[in-house]
Amino acid sequence: MTNHQTSRRRFLAGLGAAGTAALLSGCVTSTSSGKSSSKGAVTLQSNVSAPQAKAAMQDLVAAYAKQGSGRASLNTVASETFRTQLPTYLTSANPPDVYTWYPGSVADAYAKKDLLLDLGEVWSSSPDLKSYSKALNSLCTSSSGKKVFVPATYYWWGMFYRKSNFAKWGVSEPKSWDDFLDLCDKLKSKGVDPIGLGAGGNTAWVASAWFDYLDIRINGAQYHRELLAGKHRFDDPEVRKLFDRWQEVLPYFDPNGDAVPFQDATTALLNGRTGMMLIGTFFADAAPKDALDDIDFFRFPVIDPKIPLAEEAPVDGYFASARTGRREQVVDLMSYLATAESQEIYIKGSSGTVLPCNPKAKDAGTTLVKKGRAHVEGAAEITQFFNRDSSDALQPTADTALTRFLAKPKEIGSILTGWQRDAEKIWNA
C-alpha cells in the first residue's frame with residue numbers, strides 16, 4: 001500500500017474523504033467467468049442492516065426497478081456476518097453479483113485474487129462518475145489503471161453526545177486532551193460513566209477507532225497507514241505511546257463497554273447512562289428519529305498540535321463479482337448507483353447522517369450534517385478506518401489485541417508482541 005496524503009485544498013476540490021486511501025494494487029477481471037445465469041434480477045448483497053438504513057436500501061432498489069432499465073434483488077446480511085463471509089461469497093461458484101462494501105486497500109485484497117469485476121465501462125460511460133473528484137477516482141482505481149469500485153456515500157467519526165444531557169450536566173465540548181480529561185472527571189463526579197464503547201458481542205471492531213485516533217493524533221496519519229501496511233511494528237515504542245495515553249482514560253470507560261455491542265452502547269448514550277461515545281454516524285440508524293436533533297459531536301481531542309490534523313471519514317459504495325453472469329445488468333445498476341438521484345434516495349430514507357459522493361447530490365442539510373461536512377473538510381488528512389486502510393483479514397488481529405488490552409491493560413507488552421506475530425501471518429500470507 002502506498003502512502004497518499006490529502007491536502008485540505010484537494011478535499012475541498014471534491015470529496016477528498018477518499019483522498020488519503022492508497023491506490024489499489026493487484027489484478028481485476030473484466031470478463032465473466034462464473035456459472036450464474038444471465039437472466040433475472042441482479043443480486044445485491046448488502047451489509048446495510050440497521051432498520052432505517054435497510055429500509056433506505058429497499059427504497060433504492062425499488063426506485064431502480066421503477067426507472068425501467070433493470071431490476072435488483074436485495075439480500076441483507078448482518079454486517080459482521082457479511083465481513084466474515086465476504087471471501088466465501090466472492091469465491092463461490094455462483095456468487096452474488098454486486099456487494100455493498102469499501103474501496104481502498106480493503107478491496108485490494110480481493111482484487112489481487114481476481115475476484116472483482118473491472119468497472120471501467122461504468123466509469124467511462126456514466127456522466128455522473130465523470131464529475132466525481134480525482135480523489136475518488138484514485139480510491140476506486142487499481143495500480144494497473146482499472147476501476148473496481150463505485151463510491152456512493154461517506155461519513156465521519158467523532159465523539160457524539162446528547163446536547164440536552166450536556167446542558168443538564170453543565171458541561172461543554174473540550175478543546176484539548178486536558179480539557180477532555182477534565183470533562184471526564186466532571187461527568188464521573190455526577191455518577192455518569194463518561195465514555196461509552198460498544199465493543200462487545202460482534203462489534204469488537206468499534207474499539208479500533210480508539211486505536212486509529214490515538215495513533216493519528218500522536219504519530220500522524222502517514223505513520224498510521226505505514227503501520228497498517230506492515231512498514232512498522234505493532235510492538236514499536238511509537239505504538240506503545242498511544243496505549244499509554246489510552247490508559248489515562250480507561251478509568252472513565254463504561255465498565256460494560258467491552259461486553260455490549262455498539263447498538264446497546266447507543267441506547268446507553270441516549271438514555272444518559274454514558275456521556276459520550278467515539279463512533280461513526282452510522283450509529284444514528286439505530287437511534288430513534290426523534291433523538292437525532294438532540295445529537296451533536298466534537299472532534300477527537302488534539303494531543304500533539306504539531307501533528308497534522310487527521311480525521312476518519314470512510315467511503316461506502318459497491319463492487320461486483322468477477323464471476324457474475326449478468327455483466328450488462330451489473331453495469332446498468334452500477335451506473336444508477338452513481339447518480340445523484342440514487343444517493344439522495346438513500347440519504348432521505350436513512351438517518352440522513354451520511355454525505356453523498358456525487359457532487360450534484362444534496363445532503364440532508366441538517367445542522368449536524370453541516371457540522372460534519374465542515375469537520376471533514378477542516379482536516380489536513382483523511383483516514384478510512386482500521387480494516388479499510390489495511391484489510392478485512394487484519395481486522396480480527398486488532399479485535400483480539402484490543403479486547404485483551406481493555407480487559408488486562410497491564411499486559412500491554414505481551415499483547416503487542418502477540419499482535420505483531422498475528423499481523424505478520426496476514427502480511428506474509
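The values are calculated or read from the model by the stated rules, or taken from the named source; none is laboratory data. Note that the structure is a prediction, hence the values are computed from the model and not measured. Heads up, the Cβs are rebuilt from the backbone with ideal geometry, glycines too, and the neighbour counts pull from every protein chain shown. Heavy atoms of the whole protein, side chains included, go into the accessibility calculation; ligands, DNA and RNA do not. Shrake-Rupley method; radii C 1.70, N 1.55, O 1.52, S 1.80 Å.
Things worth noting here:
- Selection count where residues are open to solvent by 10 Å² or more (accessible area, probe 1.4 Å) and either among the β-branched types (Val, Ile, Thr) or farther than 29 Å from THR203 by Cβ (or both), scope segment 305-330: 10
- Selected residue (criterion: most open to solvent (accessible area, probe 1.4 Å)) from residues of segment 82-115 that are within 16 Å of LEU337 (Cβ to Cβ) and modelled with pLDDT under 95: TYR102
- Leading residue by the ranking (modelled with the lowest pLDDT) among those in segment 130-154 that are surrounded by fewer than 21 Cβ atoms within 10 Å (Cβ to Cβ) and within 17 Å of ASP389 (Cα to Cα): SER143
- Each residue in segment 271-281 was checked for being surrounded by fewer than 21 Cβ atoms within 10 Å (Cβ to Cβ) and part of a helix (DSSP H, G or I), and 0 of them qualify.
- Single residue of MET1, MET57 found to be modelled with pLDDT under 90 and out of contact with any His (no Cβ under 8 Å at 6 or more places or on another chain): MET1
- Residue within segment 196-208 that is over 30 Å from THR84 (Cβ atoms), modelled with pLDDT of 95 or more and of a type outside the set (A, V, I, L, M) present: no
- All of GLN67, GLN52 fail the test of being among the polar types (S, T, N, Q), in contact with a helix residue (DSSP H, G or I) (Cβ under 6 Å, 6 or more places away or on another chain) and either under 29 Å from ALA135 (Cβ atoms) or at pLDDT 85 or above (or both), apart from GLN52.
- Candidates LEU333, LEU406, LEU355, LEU394, filtered to the one that is among the aliphatic types (A, V, I, L, M), in contact (Cβ under 8 Å) with a residue 24 or more places away in the chain, crowded, with 16+ Cβ neighbours inside 10 Å and under 21 Å from TYR223 (Cβ atoms): LEU394
- Scan of segment 358-367 for residues that are touching a residue at least 60 places away in the same chain (Cβ under 8 Å) and open to solvent by less than 20 Å² (accessible area, probe 1.4 Å), ordered by number: ASN358
- Of the residues making up segment 25-43, at least one is at pLDDT 95 or above, outside any loop (DSSP other than H, G, I, E, B) and under 23 Å from LYS348 (Cβ atoms).
- Here ILE216 meets the list (1) farther than 26 Å from LEU292 by Cα; (2) at pLDDT below 95; (3) of a type in the set (Val, Ile, Thr) almost entirely, failing just condition (2).
- Conditions (1) open to solvent by less than 40 Å² (accessible area, probe 1.4 Å); (2) modelled with pLDDT under 95; number of the one not met by VAL77: (2)
- A residue that is under 25 Å from SER133 (Cβ atoms) and among the hydroxyl-bearing types (Ser, Thr, Tyr) cannot be found anywhere in segment 393-402.
- Sole exception among (1) at pLDDT 95 or above; (2) closer than 22 Å to TYR223 by Cα; (3) open to solvent by less than 10 Å² (accessible area, probe 1.4 Å) for ALA338, by number: (2)
- Residue that is surrounded by the fewest Cβ atoms within 10 Å (Cβ to Cβ) [pool: residues in segment 214-238 that are within 22 Å of the chain's Cα centre (by Cα) and closer than 20 Å to ALA109 by Cα]: GLU226
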